């Protein structure tokens, strides 16, 4: 899927994951960053080394969730913006919010 030649001299540092005996996907971290190449990120089909035949990250259904998560990660990494979150107390608040999220989130359906 990835053509290392577009990276020029960085191509020698790009590590690929084997797929059916062929080097196909870049080796990346859970934050979509290429292993050994700081600040080089891959999404979509090029991120299949994380989720091939597990979730829909390489398809249009899941691509938007990868983009959103990478955006949050880059905001935190480069601008110290905290990941969006909500503080809940254990008990009714937690149960109500968990029930609400299970019933309204599309990423659980699309990615798993």
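Extension gain, residue 100 to residue 45, is 16.7 nm, computed as 0.36 nm per intervening residue step minus the present C-alpha separation.
Each peptide among 77-87, 94-104 gets the average number of other Cβ atoms lying within 10 Å of its residues, and from highest to lowest they stand as 94-104, 77-87. If you take the beta carbon distance between residue 76 and residue 5 as r and set R0 to 35 Å, what does 1/(1 + (r/R0)^6) give as a FRET efficiency, to the nearest 0.05? It comes to 0.65.
Using C-alpha pairs below 8 Å separated by at least 6 residues, the relative contact order for segment 4-111 is 16 percent.
Here, each number is a calculation from the coordinates, and none is a lab measurement. Given the structure is predicted, the values throughout are model-derived calculations rather than measurements. In this analysis, Cβ positions are derived from the backbone assuming ideal geometry, glycine residues included, and neighbour counts consider all displayed protein chains.
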